[in-house]
Amino acid sequence: QKLVAYDPGHDLPRLRERFGDIIVELGSNENGWGTSPKAVEAVVKAARDSFRYPDPLGLGLRARLADKHDCSEEEIVLGNGSHELLMQLAQVFAEPGDEVIYSRYGFAVYPIGTRAVGATGIAVDPFPRDHAMPLGTDLSQIPKAITERTKIIFVANPNNPTGTHFRIEDLKALLQQVPKHIPVVVDEAYTEFANAEGLESAISLRREFANLVVSRTFSKAYGLAGLRVGYLVAHREVCELINRLRESFNVNLLGLAAAEAALDDHEHLARVREGVLTQRARIAEALTQLGFFVFPSQTNFLLVDFHRRAQPIEDALFERAVIVRPMVPYGLPNCLRITVGNPAETDRLIASLIEAKDAA
Ligand code: PMP
């Protein structure tokens, strides 16, 4: 992987200039069902107080999250998206000479955060292509990679960009083998889209393993990507370390208000979840019928292998204003990652792929 800085993909305002409103944005795993109306209402209301600083402790939201996860407020830290928190975890725990472990096809921010602090990334081998979780995180590789220089371990469940997942029993077995002084970060950005047996949140293991850190985000299922709110559930000492370097007002007034309101909007969350699961199955079936390999996904995106260089297909989709994510930076040039959008977006995606599939 040659990732040194996070590549946000594309420039939506410029794409809008070119394509207008017909654009189907399936490159960034955003929420095709939009922002919760309750969150929008809360933002509009909170906007009147924009002359004030936000609550630097985010007490209202942290109390709600503590309640949701049956933990104390001291075990929650809020971030400007979970991206910020992942970078801060690397900053807090690793420095030059240290090692950070993640899966070869893990989320790009793990190697980026590692390099940003001058530490060395150790990318463990994923499951092979013919496994039930092709290229997914093989947790059994991690203990073998641990050395006295290992300072932090990052895994995502389910994983981006593969969409694959692991079972909580396997995570528990890993945690039993990892020395207690090494934090294990389980990134659950996509957890709300999971429906596989055995895929449970790691939060339930928190009391048993003090070195477990779980990250979550409001960007995906809650549809607040633009407002930047994420959080960690971790031991209070880990939270305290992050708080030492956290900018006091890292989550703004609108983000705090929106996240609290979104937590209350069970209806919207249920609609999004049900919609993603339905459209995910529909896209997977259509693309499999077209002869492509679709990786098993527990997320709101699908990794697709076109069995040949995917760039011409990506370009042909682009000409039809359908934006997907190239996987060249991940070393998977035959693959594209496609967000699961709403039914109308899925219609456009499938129709465009049928036209684009033979592009050379
Ligand atoms: N973790 C994973 C696995 C992700 O895919 C993403 C977003 N692409 C994030 C974390 C960061 O999301 P955010 O900063 O919006 O919370």
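Overview of results
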{"item": "Residue list for segment 19-41, restricted to those being assigned to a helix (DSSP H, G or I) and either at pLDDT 95 or above or β-branched (Val, Ile, Thr) (or both)", "result": "Ile22, Pro37, Lys38, Ala39, Val40, Glu41"}
{"item": "Failed item, numbered, when Cys71 is tested on (1) assigned to a loop (DSSP other than H, G, I, E, B); (2) away from the ligand (no atom under 16 Å from the Cβ); (3) more than 21 Å from Arg206 (Cβ to Cβ)", "result": "(3)"}
{"item": "Residue list for segment 294-349, restricted to those being among the aromatic types (Phe, Trp, Tyr) and in a loop (DSSP other than H, G, I, E, B)", "result": "Phe295, Phe306"}
{"item": "Residue in segment 183-199 that is farther than 30 Å from Gly341 by Cβ and modelled with pLDDT of 95 or more present", "result": "yes"}
{"item": "Residues being surrounded by 18 or more Cβ atoms within 10 Å (Cβ to Cβ), under 30 Å from Pro326 (Cα atoms) and more than 16 Å from the ligand (Cβ to nearest atom) - total across segment 142-173", "result": "1"}
{"item": "Long-range neighbours under 8 Å by Cβ, at least six apart or interchain, first residue under 15 Å from Ala66 (Cα atoms) and outside any loop (DSSP other than H, G, I, E, B) within segment 217-238, second more than 11 Å from the ligand (Cβ to nearest atom) and of a type in the set (Asp, Glu)", "result": "Val233/Glu75; Arg236/Glu74; Arg236/Glu75"}
{"item": "Ala189 being within 16 Å of Ser297 (Cα to Cα), within 10 Å of the ligand (Cβ to nearest atom) and touching a helix residue (DSSP H, G or I) at 6+ places or on another chain (Cβ under 7 Å)", "result": "yes"}
{"item": "Residue in segment 89-101 that is within 15 Å of the chain's Cα centre (by Cα), crowded, with 23+ Cβ neighbours inside 10 Å and part of a helix (DSSP H, G or I) present", "result": "no"}
{"item": "Residues that are within 12 Å of the ligand (Cβ to nearest atom) and β-branched (Val, Ile, Thr), drawn from segment 202-221", "result": "Val214, Thr217"}
{"item": "Residue within segment 37-55 that is outside the structural domain of Val324 (by TED's automatic domain parsing) and under 19 Å from the mean Cα position of the chain (by Cα) present", "result": "no"}
{"item": "Test result for Ser219, surrounded by fewer than 17 Cβ atoms within 10 Å (Cβ to Cβ) and either touching a strand residue (DSSP E or B) at 6+ places or on another chain (Cβ under 8 Å) or under 29 Å from Val294 (Cβ atoms) (or both)", "result": "no"}
{"item": "Hits in segment 244-268 (condition: buried (at least 17 other Cβ atoms within 10 Å of the Cβ) and away from the ligand (no atom under 16 Å from the Cβ))", "result": "Leu253, Ala257, Glu260, Ala261, Asp265, His268"}
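Conditions (1) in contact (Cβ under 8 Å) with a residue 60 or more places away in the chain; (2) out of contact with any strand residue (DSSP E or B) (no Cβ under 7 Å at 6 or more places or on another chain); (3) not β-branched (Val, Ile, Thr), marked per residue:
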residue: Phe318; (1), (2), (3): no, yes, yes
residue: Tyr330; (1), (2), (3): yes, yes, yes
residue: Asn334; (1), (2), (3): no, no, yes
residue: Thr346; (1), (2), (3): yes, yes, no
residue: Ala356; (1), (2), (3): no, yes, yes
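The values are calculated or read from the model by the stated rules, or taken from the named source; none is laboratory data. Note that the structure is predicted; figures quoted are calculated from it, not measured. Quick reminder, even Gly has a Cβ in these numbers, built from the backbone with ideal geometry, and neighbours come from all protein chains shown.
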